[in-house]
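What follows draws every value from the coordinates through simple rules; no lab data is involved. Predicted, not measured: the structure shown is a model, and the values here were computed from it. As a convention, Cβ positions derive from the backbone with ideal geometry for all residues, glycine included, and neighbour counts pool all protein chains shown.
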Amino acid sequence: MSEFFAQFAVPHPSTLIYIAMASIVLGSIALVAIVTYFKLWGYLWREWITTVDHKKIGIMYLITALVMLFRGGVDAVMMRLQLAVPENGFLDAQHYNEVFTTHGVVMILFMAMPFITFFFNFLVPLQIGARDVAFPRLNNLAFWLFFMGMGLFNISFIVGGSPDAGWTSYFPLADNEFSTSVGTNYYMLALQIAGLGTLMTGINFITTIFKMRAPGMTLFKMPMFTWSALIANLIIVFAFPVLTVALAMGTMDRLWDTKFFAIGDGGMDMLWANLFWVWGHPEVYILILPAFGIFSEVISTFARRNLYGYTSMVWSLIVISVFSFAVWTHHFFTMGQGAFTNSIFSITTMAIAIPTGVKIFNWLFTLYKGKIVITTPMLYAMHFIPLFTLGGVTGVMLAMSAADYQYHNTMFLVAHFHNVIIPGVVYAMLAGLTFYWPKMFGFMLNERLGKATVWVMSFGFVLSFIPMYITGLDGQARRMYTYSEASGFSTLNMVSFVGAGIMSISFLMLVWNIWYSFKNSPRDIGSDPWDARGLEWATHTPIPHYNFAITPDVTDSTSEAFWDAKKNGTKLFKGEIQDIHMPNNSGQTFILSIFFFIGGFALVFSMFTLAIISLIGILACMGYRSLEDDHGYHIHKEEVELIEKKYDKEGGAK
Amino acid sequence: MGKVNNNVPLEYSTEENNLKIFGFWTFLGAEIMLFGTLFASYFVLSGRTGDGPTAAEIFEIGPVLAETFILLTSSFTIGLAIHAMRLGSKKATLSFMGVTLLLGAAFISVEIYEFVHYVHVGAGITTSAFTSALLTTLGTHGLHVTFGLFWGIFIMIQIAKRGLNSVTAGKTFVFSLYWHFLDVVWIFIFSFIYLKGMM
């Protein structure tokens, strides 16, 4: 019995982990108590857990992303604190391994991914004038699978031990011999389950965008964000199955002693590196392309000007997506693949700078002669352009394979990708969050606090990451938990730590802004407070669950249909209100996902009976769903008219 | 349920079915990547046999030919089922689907025999990188066929209970796409794993 429980113990406990355990247990108890006290279980089940409304599913992704931003951020600060002074004893080597591994996985897969998926969910149907996504129930399932994968990953540091082989989980380091705890099992299975959800999202949104656009909306009239979402989802569908296979092989190597990546018996550790990056490099573009989409929306709105070079913007997205699959070995130039291969991948990697440059120049040309209004989202965009360009330039430096032998696996690399991902993805997500906040919640975030947040964040960012370029070129290796006084890295690392602290303050300012604005912001802002351009602003605020009473017709408009309607008097809503067909909520998807969670947990600890039971549960849910007859329901015309009349009376702008 | 269009086959007659069929094609795109990755890994590892047997030593042409004929025939019979469905014959649709699933079950039986044989001659999944990749690739295809058997049975139950309507027709059509796809994958397995391995 005690042996059974011993396997769940954390193999390398420390005071920090005990504190984390206690706070998680207390936090969970408090949460359950609050929900029970206010009798919210029924409300949560009916309105959120079982919902098929794309807007609500989007908001659930948003909450997940923000919580994970906090968790990944704490990991980041712990690392910077450990490195702030030489020979620090705050974290030991093993704990440091676990922290940088989870920081990477959490930030990429459980923060950035749900953040962009939030925008897919919330924006795409609204921008194309649809009532929902193509498969609303699959959408709910996708969220819960993603959520369960995230949950499974996050319990690893209090049950059984965290993964410690880096977010890339390179073999043989990730094999049982060198990663002895169950941590890497968690990595393999949690990513597998979350990845399934992501693949479903990809299929759902490709179908939605191709098949459910409003009348008159040709592909080259789609708003820029929808274009970026389409391309990102196409990359998802073609890249994630590669990860699925790699993770399955990795799981089998660890659990059943197969020989894919093992050393000996013919196994090949480089196969993992290749498969991982065949997925991993396109993954970077899955994140950055929607971010570009958000910036395009923000920049054209606040330059009060149509996006410059719309067609070239679309083509550059397409070209980037093709190139993204042709550059993966630049992640391991130094692992002995030969000069010829390195040269090919060096050139394709540099070539990506061309379409990206096209986009940067188009944004600049949009700003040129624009009537620029500096709002918080616009300020994020204005900080993004120079900072991201710096990240791009250092990316080209890394793409020179001969030179890469000097700075591979140093802090230079760390500085480069944070320099791309933070001003690129994180700034875009926060710009989009601020931009669409009034559409979601009916009040604006405070502008003064918002702008201060951007400045503090950029200041912290520069302070934190620019020194890493220097220490990297001087030879400070990444993933090393400490360094000697004699290395001379200490001053710059201390500066980085201060920068990380300042960045943390900016995130706290964001939280404070949300709370402050929730308390103080006026609620009578109408439905178009920014004077914006896309169809998503042609809805009421709050958006009724059917989105549009009448499907918009954009035959006479450009890609910025709502702007045209305001400026040229184009009529968007033609025809009469009719009965609206809506899908029913479903709890089965949640139950199915729970079985996935249990099955994943069982496999982590090699409890195969429990795994088989949950597999049967999964198949039973699918069988039940197959036989079920569900036709959804109709909202009657009179009811829609009543709701619409109520909005008109309250003065919600159309 | 959207409006019904009578000028197209039953499975394409509603908006909802159009979405589902398109979505399924997209899913098949993902499946191509999945099997493509498995094939690529197999080709990388196929010569890396360690101390274990090589492909030429363990492959037997008999069962493989049997599997090939059985599965290709089942692809033909699922085509007949769709044809019967378009002619509106519930009984013929069910019969041809039944034959398809029986052939699928026969395929799985031969494959299980084959796997037992591999283990028997010392080519288990843990023997070498080659056997791991071989059995994982074949096993993934086999699991797909097995899943298809259950899926097909559930669709047959619905056709038997509710007859041929836009919902059951859509499901049957999607199932037929899935089944043909598994056949295409098998042709690749037959050509590039077995024939190449035996040469």
Mind checking the stretch A:1-73 for chymotrypsin sites (Phe, Trp or Tyr not before Pro) that DSSP puts in a loop (not H, G, I, E or B) and that have at most 11 other Cβ atoms within 10 Å? A:F38
About its Cα centre, the stretch B:54-199 carries a charge dipole, from +1 on Lys and Arg Cβ atoms and -1 on Asp and Glu Cβ atoms, whose size in debye to the nearest 20 is 880
Net charge within 14 Å of B:T73 by Cβ-Cβ distance, Lys/Arg positive one each and Asp/Glu negative one each, not counting B:T73 itself? -2
Which net charge results when you count Lys and Arg as +1 and Asp and Glu as -1 among the other residues whose beta-carbon is under 14 Å from that of A:M111? -1
Which of A:A33, A:I17, A:G73 sits farthest toward the positive end of the charge dipole of the stretch A:1-78, with +1 on the Cβ of Lys and Arg and -1 on the Cβ of Asp and Glu? A:A33
Helix A:136-155 sits off the longest principal axis of the Cα atoms of chain A, rounded to the nearest 10 on a 0 to 90 degree scale, by 30
Globularity index of the stretch A:531-654, i.e. its alpha-carbon radius of gyration over 2.2 N^0.38 Å: 1.64
Count the net charge of all other residues whose Cβ sits under 12 Å from the Cβ of A:L367, scoring Lys and Arg as +1 and Asp and Glu as -1. +4
Degrees separating the helix A:54-84 axis from the principal Cα axis of chain A, which is the longest one: 30
Given R₀ = 60 Å, what would the calculated FRET efficiency be for A:R625 paired with A:A486, taking r from the Cβ atoms and rounding to 0.05? 0.40
Roughly what angle does helix B:90-120 make with the longest principal axis of chain B, taking Cα atoms, 0 to 90 degrees, to the nearest 10? 10
Cα gyration tensor category, rounded, prolate or oblate, for the stretch A:97-210 with a/c compared to 1.5: prolate
Using the Cα centre of the stretch A:585-654 as origin and beta-carbon charges of +1 (Lys, Arg) and -1 (Asp, Glu), tell me which of A:I616, A:G600, A:I635 is placed farthest towards the positive end of the dipole. A:G600
Please work out whether the stretch A:340-498 counts as rounded, prolate or oblate from its C-alpha gyration tensor, where a ≥ b ≥ c are the square roots of the eigenvalues and a/c under 1.5 means rounded, while otherwise a/b larger than b/c means prolate and anything else oblate? oblate
Would you mind checking which residues have amide H under 5 Å from A:F171's amide H? H placed 1.01 Å from N; only 5 or more apart, or other chain. A:A273
For the A:I612, B:V121 Cβ pair and Förster radius 30 Å, calculated FRET efficiency rounded to 0.05 is 0.60
Taking only the alpha carbons of the protein assembly as shown, the radius of gyration and the largest Cα-Cα distance, Dmax, both in angstrom, are 27.7, 85
Separation between the B:F192 and B:K91 pseudo-spin-labels, each 7 Å from Cα along Cα→Cβ, expressed in nm? 4.5
Considering only A:I318, A:G534, A:G151, whose Cα is most displaced toward the positive end of the charge dipole of chain A, charges sitting on Cβ of Lys, Arg (+1) and Asp, Glu (-1)? A:G534
Cα-only Rg/Rh for the stretch A:1-153 with Kirkwood Rh rounds to 1.06
By the Cα gyration tensor axes a ≥ b ≥ c (a/c under 1.5 gives rounded; else a/b larger than b/c gives prolate, otherwise oblate), the shape of the stretch A:484-542 is prolate
In straight Cα distance, which lysines are under 30 Å from B:K196, not counting same-chain residues fewer than 8 positions off? A:K259
Potential extension, A:E641-A:V35 segment - 0.36 nm per residue separation minus Cα distance: 214.6 nm
If amide hydrogens are placed 1.01 Å from N in the peptide plane, which non-local residues have theirs closer than 5 Å to the one on A:R478? A:T410, A:M411
Given charges at beta-carbon only (K, R positive; D, E negative), |dipole| of the protein assembly as shown in Debye: 2400
